[in-house]
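Right, one structure below, let's go through it.
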């Protein structure tokens with residue numbers, strides 16, 4: 001997937017505000033408070049001395065338009081490879097292993113553009129998908145005792161209603177993980193897998 005220039009411009013605006021409020025260089029704010037490093041295909045080490053990052057950072061001081069420089073630099077990189085190893089997908093939901101005892105839920109809209117995947121009309125399908133997902137976890141990931149999710153979608157009642165109340169009640173605001181793309185305003189939920197299977 002290729003991201004738009006606006007995608008980067010929004011993160012750059014945020015990093016500039018952080019830099020101004022914390023009196024740190026914009027290069028450091030871009031590294032610590034955006035996921036631009038990841039979008040360049042550099043992994044998650046966030047090494048300020050990585051040669052590709054250094055090349056990008058050096059160019060920041062030589063440009064009048066950071067957004068344009070960032071987007072042009074991004075287009076010159078190899079497409080990023082997803083490091084999330086999805087085990088199985090069930091409609092809009094999928095899961096990945098997060099250590100031996102935990103599975104992580106992911107959501108992706110697969111509905112046609114005119115249909116909201118979280119509308120009340122689609123709720124039966126979403127619940128069926130989640131039941132199938134947790135049945136699969138129960139049979140194929142028997143050592144998993146916890147399920148977790150981290151997404152801005154937990155801010156939406158329409159998304160929360162897909163899950164058991166105990167899982168929703170376990171949610172906490174993810175305050176300091178600015179480098180993770182799905183976490184802008186995110187809430188993180190975690191609960192025992194067996195409790196979700198009952199749904």
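The values are calculated or read from the model by the stated rules, or taken from the named source; none is laboratory data. Remember, predicted model here, so these are calculated numbers, not experimental data. No Cβ is skipped: glycine too gets one built from the backbone with ideal geometry, and neighbour counts run over all protein chains shown.
Some points to look at:
- Residue list for the stretch 54-68, restricted to those being without any contact (Cβ under 8 Å) to a residue 12 or more places away in the chain and within 13 Å of residue 12 (Cβ to Cβ): 63, 65
- Condition check for residue 57: under 18 Å from residue 5 (Cα atoms) and not in a helix (DSSP H, G or I): no
- Hey, residue 121 more than 30 Å from residue 2 (Cα to Cα), touching a helix residue (DSSP H, G or I) at 6+ places or on another chain (Cβ under 9 Å) and exposed (fewer than 13 other Cβ atoms within 10 Å of the Cβ) or not: no
- The lone exception for residue 148 - which of (1) modelled with pLDDT of 90 or more; (2) farther than 30 Å from residue 27 by Cα; (3) surrounded by fewer than 19 Cβ atoms within 10 Å (Cβ to Cβ) it fails: (1)
- Options 195, 191: the member that is out of contact with any strand residue (DSSP E or B) (no Cβ under 7 Å at 6 or more places or on another chain), farther than 30 Å from residue 12 by Cα and at pLDDT below 90: 195
- Answer residue from the stretch 85-105, given it is under 27 Å from residue 52 (Cβ atoms) and surrounded by 12 or more Cβ atoms within 10 Å (Cβ to Cβ) and is modelled with the highest pLDDT among those: 96
- Check on residue 143, modelled with pLDDT under 85 and assigned by TED's automatic domain parsing to the domain that holds residue 92: no
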